[in-house]
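Engineer: Take this structure first; my questions come after.
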Amino acid sequence: MTYMVIRVRSDRGVTKKIRDTMAMLNLTRVNHAVLVPKTDSYDGMLQKVKDYVTWGEVDADTIGTLIKERGRMVGNHRVTDSLVKSASEHSTIKSLSKAIASGEATTKDVEGMKPVFRLHPPRGSKGWGGIKRAYSIGGALGFRGDGIGELAARMF
């Protein structure tokens, strides 16, 4: 299982421990997203930065769309099936996204692929829904479960 983590708030006035944890997650700017495996160490990191990010379990279709639409190689080139085939053991973006969703692969497996996905702010009248409240009470922060796919679709 894989989490998609999206940074919602800036680190203005944040303690150094939280800022360092966000740097370890490669979340250096607002509206950036990363894909991380579901492990105990990442769960602890996400709990530490829960007031600044949102995350949830993501499926293979959403990962595939994320890589096609927002994935970049070094040199700011788009990720294509031919680049994935030449730079990794996977033949297409679809097979790579299935492997990432199941936890068998990461974005690091594709040589030269950037681990961070730059997203557009959420489109629609709802926007974030409040960046100072938890998702469970109508805001944008914290664990979303399967709802991360809907948010990501509004940000492609």
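Any read-out appearing in this document is the output of simple, stated calculations on the displayed coordinates, not a laboratory observation. Here the structure is a predicted model, which means the values were calculated and not measured. Note that each Cβ is placed from the backbone with ideal geometry, even for glycine, and that neighbours are counted across all protein chains shown.
Engineer: Within the stretch 27-57, list the residues whose amide N lies under 17 Å from a label point set 7 Å along Cα→Cβ of residue 126.
Structural biologist: Residues passing the 17 Å test: 54-57.
Engineer: Dividing the alpha-carbon Rg of the stretch 1-48 by 2.2 N^0.38 Å yields what?
Structural biologist: Relative to the 2.2 N^0.38 Å estimate, the stretch 1-48 comes out at 1.09.
Engineer: Right, next: Using only DSSP helix segments of four residues or longer, with each worth -39500 (n - 2.57), what per-residue ellipticity at 222 nm results for the chain after dividing by its residue count and rounding to 500?
Structural biologist: One gets -10000 deg cm²/dmol as the mean residue ellipticity at 222 nm.
Engineer: If we sort 90-97, 117-124 on the protection proxy, mean other Cβ atoms within 10 Å, highest first, what's the order? Can you show the working numbers first?
Structural biologist: Working: 90-97: 19.5, 117-124: 14.2.
By packing density, highest mean first, the sequence is 90-97, 117-124.
Engineer: Give the average over all directions of the projected area of the C-alpha convex hull of the stretch 69-109, one decimal, in nm².
Structural biologist: Value for the stretch 69-109: 2.8 nm².
Engineer: Hey, another quick one. I'd like the distance between the alpha-carbon centres of the stretch 96-156 and the stretch 37-57, rounded to an integer number of Å.
Structural biologist: Value for the Cα centre distance between the two parts: 12 Å.
Engineer: Still on this structure, I have one more. Give, rounded to the nearest 20 debye, the magnitude of the charge dipole that the stretch 1-121 has about its Cα centre when Lys and Arg contribute +1 at Cβ and Asp and Glu contribute -1 at Cβ.
Structural biologist: It comes to approximately 620 debye.
Engineer: Follow-up question, since we're still on this one. Say each of residue 118 and residue 134 gets a label point 7 Å from the Cα, pointing the same way as Cα to Cβ; how far apart are those two points in nm?
Structural biologist: It is 3.4 nm.
Engineer: Here are labelled values, (i) 18.1, 53; (ii) 15.0, 45; (iii) 14.9, 40, and one is the computed Rg and Dmax of the Cα atoms in Å for what I pasted. Which one?
Structural biologist: The calculated read-out lines up with (ii).
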